[in-house]
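Single-structure report; data block below.
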Amino acid sequence: MAQLNRAQLEAVEHGDGPLLILAGAGSGKTRVITHRIARILQSGVAPERVLAVSFTNKAAEEMRERMVPLVGKKAASQLWMSTFHSFGLRFVREQSEELGLGKRFVIFDQGDSLGVVKQIMRELHDSGAIRKLDPMAILARISSWKNRNLGPEAVPEAVAEYDDVAREVYPQYVARLLAMRAVDFDDLCTWPVHLLSRDGGLRQRWQRRFEHVLVDEFQDTSRVQLELVKLLVNDRGNCCVVGDDDQSIYAFRGAEVGNILDFERHFEGTRVVKLEDNYRSRPAILEVANAAIKKSAGRRHEKTLRAARPPGEPVWLCVGEDPLEETKVVIAEMRKLLKEGVRYEQMAVLYRSNLQARVLEEELRAEGLPYRLFGGTQFFDRKEIKDVAAYLRLLLNRRDEISLRRILNYPTRGIGTKTIERLDLEAAQSSRPLWRLIDDVGSVSGLGEPAQRSVQAFSELIERYRRRFAEEGRLTAVARALVAELSLREELTAAAGDKGGAQRWGNVEHLMGWLERFERESGPGGRSLSAFLESVTLGIERNEVEAEDAIVLSTLHASKGLEFDVVFLIGCVEGQLPHARVVDPKVTEANPTDVEEERRLFYVGVTRARDRLYLCRPRRRLVRGKPEKLTPSRFLEGLPEAHMAEYQSPVAEKLDFDELEALGDALLEQLRSRNKER
């Protein structure tokens, strides 16, 4: 407690009633949350009666680790400490019978959900116009409605073709998931809200469970997550939320900055504490951040970050003639920093769009500098991992039609498109689910003997391993035997070559190793398989391999929560930051609130830097072979000159584009004059 500053101590020692902690970037909010929880336990509250929610598995795990030295390992393990989705999973698991899911249900990730939407669209619409619609856009609308706590019956009238189709697909989508005993990510928040809203007795029981509810990164909550918090908080209003409206950047995921701005309206008698002492960044970086965010419209909670660290370098403004030279400037400065002892992993290049990373990757490869893309394809999204998971899902739940379709002909076993279409037609005509037809393929008319034999062999394979698992209960042994019988290693090598196949097989081996650890800790049996698959779908993996020493390339959105000694923020021009779709009325209808979110995104990028910050921009870019001047980002306007400096590019001799353009104009004029004379 002696290490806390005055504002932190005020937040930690707050008693009963709602508390809003406005935590500026780098202000020690995790320390405040953990010390507040420790204080609550010290007052006599049992750890299992404290619910602490964060937005990422990494943040939740870090919070739990920090709790151990404060309250002990046993008490830390008894806290309800998780993400919203992990909490929702525990809730849905306990109330699964009321939801009609049964004990063995599955969680669909985005790919699985997209498969359901595609299938429904195929069944509902045959016209070419409908087939041209993007199923991902339909799923995005359904997800948006769920995040706004709108069921199929409450969706507003359609205003566009996509809305109209999505309204038609939505109820079918909900029914299809229930039939397959499945839930999607959004359901993990919407189902608890649905049950708690309609059942007063159930709501009281859950409220009695938790004497205190704490939520981190509250500015990132959706409407349905806000409703869930309100339904879980007891009549004493013991709700503590921590967040920063200046860092609300996830509207595209359903986050509503109004949740934190209007918190005092949702919870009467709220006490507000501001954390403004920054322990991360040098003063010049914070002066730039403060100046940039001060121009943000709609701020209700003014905050000014104050540096706790001594002065360092100014913020550097870097200008390249074009995006390639901008990249070369960044790499040249990196080489200089490496000579000074800065490690690769302490440097990051941040950008608004993934497209900006292409030139960076090419140049870094050419220079032989190691890098890693942050927020790229996640381990659990890799095809080989999803394929193995689909087989394991079928050991638990034959109703999981998405997993069934995924691996019905993988590895190839002679069940082609025509066979699947014939099965689909029979399913529609007989109102039987696909898995029943596969088990009784002899009753399906129109299938040749080779196709029937292939389907029957697949059915026998799955049933044999279902029995093995039920009888032996040895999850890892059964999984390894199944993978071996599928000749998956050979399949991956054939598809990706020796090197690519070895890498993909290594991912499968990593999954098997994690499965073995999971089984060892959880014990054998169906519950461990179910819990393991839930962890895979939610992306929860402990003991991950430490990141290599490499330069980090990341979008601004993916960089939130990270910090680096050195940050290069590139592409600070109109059309990139802020993004074109926000400011160009030809691309989309401009929305002032979108521009404000782009400003907050710039603020997030600036505050990732600890010691050095470089704001970079190109002067021009080539458009159809002609140079086009670029306008510096509006977010660079009004920044404090006293804390900034022009960066002198070390990139060797170059032609000045202005001089080149003037020279070209002069030559053209000479040619015109000569032509006239002739």
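The values are calculated or read from the model by the stated rules, or taken from the named source; none is laboratory data. Quick caveat, the model's predicted, so the values are computed rather than measured. We place every Cβ from the backbone using ideal geometry, glycine too, and count neighbours over all the protein chains shown. These area figures cover heavy atoms from the full protein model, side chains too; ligands, DNA and RNA do not enter into them. Shrake-Rupley method; radii C 1.70, N 1.55, O 1.52, S 1.80 Å.
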* Structure fact -> Exactly one of 15, 26 is surrounded by fewer than 22 Cβ atoms within 10 Å (Cβ to Cβ) and not in a helix (DSSP H, G or I), and that residue is 15
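Any idea which of 302, 362 is in a helix (DSSP H, G or I) and among the acidic types (Asp, Glu)? I'd like the intermediate steps shown before the answer.
Working: 302 fails: in a helix (DSSP H, G or I).
Answer to the selection: 362.
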* Asked: Tell me, which residue of segment 453-476 that is open to solvent by less than 20 Å² (accessible area, probe 1.4 Å) and either of a type in the set (D, E, K, R) or touching a residue at least 60 places away in the same chain (Cβ under 8 Å) (or both) is nearest to residue 437 (Cα to Cα)?
  -> 462
* Asked: Looking at segment 372-421, which of the residues that are part of a helix (DSSP H, G or I) and of a type in the set (Asp, Glu) is nearest to the chain's Cα centre (by Cα)?
  -> 381
* Within segment 138-190, can you find the residues that are open to solvent by less than 20 Å² (accessible area, probe 1.4 Å), in contact (Cβ under 8 Å) with a residue 60 or more places away in the chain and of a type in the set (A, V, I, L, M)? -> 177, 180, 182, 183, 188
* Asked: Looking at segment 419-452, which of its residues are in contact (Cβ under 8 Å) with a residue 24 or more places away in the chain and out of contact with any helix residue (DSSP H, G or I) (no Cβ under 7 Å at 6 or more places or on another chain)?
  -> 422, 428, 450
* Restricting attention to segment 165-212, which residues are under 18 Å from residue 120 (Cβ atoms) and of a type outside the set (A, V, I, L, M, F, W, C)? -> 167, 168, 170, 171, 172, 173, 176, 181, 184, 186, 187
* **Condition check for residue 413: surrounded by fewer than 19 Cβ atoms within 10 Å (Cβ to Cβ), modelled with pLDDT under 90, in contact with a Pro (Cβ under 8 Å, 6 or more places away or on another chain) and of a type outside the set (Ser, Thr, Tyr)** => no
* Asked: Has segment 121-128 got at least one residue that is at pLDDT 85 or above, among the hydrophobic types (A, V, I, L, M, F, W, C) and under 25 Å from residue 427 (Cβ atoms)?
  -> yes
* Restricting attention to segment 234-247, and to residues there that are open to solvent by 10 Å² or more (accessible area, probe 1.4 Å) and over 24 Å from the mean Cα position of the chain (by Cα), which single residue is nearest to residue 192 (Cα to Cα)? -> 234
* Asked: Pick from 670, 648: which is in a loop (DSSP other than H, G, I, E, B), farther than 23 Å from residue 352 by Cα and at pLDDT 75 or above?
  -> 648
* Structure fact -> Residue set 298, 254, 237; condition on the phi > 0 side of the Ramachandran plot, out of contact with any helix residue (DSSP H, G or I) (no Cβ under 9 Å at 6 or more places or on another chain), touching a residue at least 60 places away in the same chain (Cβ under 8 Å) and not polar (S, T, N, Q); output residue 237
* Among 324, 261, 286, which is the only one that is within 30 Å of the chain's Cα centre (by Cα), at pLDDT below 95 and over 30 Å from residue 234 (Cβ atoms)? -> 324
* Structure fact -> Going through segment 84-118 in order, the residues found to be touching a residue at least 60 places away in the same chain (Cβ under 8 Å) and among the polar types (S, T, N, Q) are 86, 95, 110, 113
* Structure fact -> Checking 270, 221 in turn, the sole residue that is open to solvent by less than 30 Å² (accessible area, probe 1.4 Å), touching a residue at least 24 places away in the same chain (Cβ under 8 Å) and under 29 Å from the mean Cα position of the chain (by Cα) turns out to be 221
* Asked: Does residue 7 count as modelled with pLDDT of 90 or more and either buried (at least 22 other Cβ atoms within 10 Å of the Cβ) or over 30 Å from residue 265 (Cβ atoms) (or both)?
  -> no
* Asked: Has segment 345-357 got any residue that is assigned to a helix (DSSP H, G or I), open to solvent by 10 Å² or more (accessible area, probe 1.4 Å) and of a type in the set (Asp, Glu)?
  -> yes
* For segment 191-210, name all the residues that are closer than 29 Å to residue 561 by Cβ, open to solvent by 20 Å² or more (accessible area, probe 1.4 Å) and in contact with an Asp or Glu (Cβ under 9 Å, 6 or more places away or on another chain). => 209
